[in-house]
Amino acid sequence: MPDMKKLRYNFNLPDLEEPGEAIVINNISKSYADVQALKNVSLNVNKGELFGLIGPDGAGKTTLIRILMTLLLPNSGNATIYGLDVVKDFKNIRRIVGYMPGRFSLYQDLSVEENLNFFATVFGTTVEENYDLIHDIYYQIEPFKNRRAGKLSGGMKQKLALSCALIHKPKILVLDEPTTGVDAVSRKEFWDMLVKLKAQGITILVSTPYMDEATLCDRIALIFNGEFMQVDTPQNIIAAYPETLWSVQTNQMHRLLNELRDNPLVKSAYSFGESIHVTFKMEDGKQKIESEDNRFQLSTFNCQFKKIQPTIEDCFMLLSKG
């Protein structure tokens, strides 16, 4: 059997400590039969950055991540990770990347400890050698180290998968919708862990359909129908929102939403939780709609419009209709 520790160093890499770009994507396209999943997308992720791919299911997030993780070939375009080509240098890329797919993919019949030891061995290291990197995550599930992975809760599976992705001390961590299907507390804990990992110099690329997680990233790419609509910091994207945004609530939400969408003064109206977010076609649209007794009797809904700051979700809705 080959010496796994020696295998770690049996390849040539660029200087991983030099500042610059960790991921460079140039005009990547990918189709499945008649469905074009990615349409000529380009993107750069800086070293040490926590970067988010934000978009709904079917937007193209997973396809892009699988191309970067050397699991899919693009139809056109190219991409590099730390200077390594995702097609030509796939073996070397797999040695420096920690990958956590959206679906739990560890060995469910192995225990927590057995899974972690297995992945450490594959990368020619030991749990003890890199325990300091995973300690803040692993200690929470270590009391259950003899439990089979398939018997863990969603939050515990998440922590185990992240520990296994980190055990070889990767330079870049790639996570495909890691918080989907877990409770709100586990989601918050997970993002707290990502912030700590970023502080240790690890570049992180994470995809999520949850718009509220976008503000936790340094920069984000809003992706829809296989295209990037905007790439910037969450703060800059919100600041660029061009409309005055209003919120309104009532106990007749469905009726009010239909009334607003049918009104010629209204530019957009969407349900956001317990409220409706509204934009008007003109600056004085709110005043006019409140005074139009023949078209819209606001008093019948017992509600008032309140000016609010937009969220990333508001920005996404606006851009997706553009």
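The values are calculated or read from the model by the stated rules, or taken from the named source; none is laboratory data. Small disclaimer: the values here were computed from a predicted structure and weren't measured. Every residue, glycine among them, receives a Cβ derived from its backbone with ideal geometry; neighbour counts consider all protein chains shown.
Values as computed for the structure displayed
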{"quantity": "Criterion violated by Asn236 - all others in (1) out of contact with any helix residue (DSSP H, G or I) (no Cβ under 8 Å at 6 or more places or on another chain); (2) buried (at least 16 other Cβ atoms within 10 Å of the Cβ); (3) among the polar types (S, T, N, Q) satisfied", "calculated": "(2)"}
{"quantity": "Among the candidates Gly102, Gly98, residue that is surrounded by 15 or more Cβ atoms within 10 Å (Cβ to Cβ), touching a residue at least 60 places away in the same chain (Cβ under 8 Å), assigned to a loop (DSSP other than H, G, I, E, B) and in the same structural domain as Ile23 (by TED's automatic domain parsing)", "calculated": "Gly102"}
{"quantity": "Close pairs from the range 58-71: first more than 13 Å from Leu205 (Cα to Cα), partner acidic (Asp, Glu), Cβ under 9 Å, at least 6 apart", "calculated": "Ala59/Glu227; Gly60/Glu227; Thr70/Asp89"}
{"quantity": "Residue count, the range 146-171 (criterion: part of a helix (DSSP H, G or I), over 22 Å from Val206 (Cα atoms) and of a type outside the set (D, E, K, R))", "calculated": "2"}
{"quantity": "Checklist (1) assigned to a helix (DSSP H, G or I); (2) without any contact (Cβ under 8 Å) to a residue 40 or more places away in the chain applied to Thr179, failing item", "calculated": "(1)"}
{"quantity": "Given (1) surrounded by fewer than 19 Cβ atoms within 10 Å (Cβ to Cβ); (2) of a type in the set (A, V, I, L, M, F, W, C); (3) touching a Gly at 6+ places or on another chain (Cβ under 7 Å), index of the condition Leu173 fails", "calculated": "(1)"}
{"quantity": "Of all residues making up the range 135-167, the number that are closer than 17 Å to Val97 by Cβ and in contact with a helix residue (DSSP H, G or I) (Cβ under 7 Å, 6 or more places away or on another chain)", "calculated": "5"}
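Residue by residue, here is whether (1) buried (at least 20 other Cβ atoms within 10 Å of the Cβ); (2) of a type in the set (Asp, Glu); (3) closer than 25 Å to Ile28 by Cβ holds:
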residue: Ser186; (1), (2), (3): no, no, no
residue: Phe190; (1), (2), (3): yes, no, no
residue: Val195; (1), (2), (3): no, no, no
residue: Gly201; (1), (2), (3): no, no, no
residue: Ser207; (1), (2), (3): yes, no, yes
residue: Met229; (1), (2), (3): no, no, yes
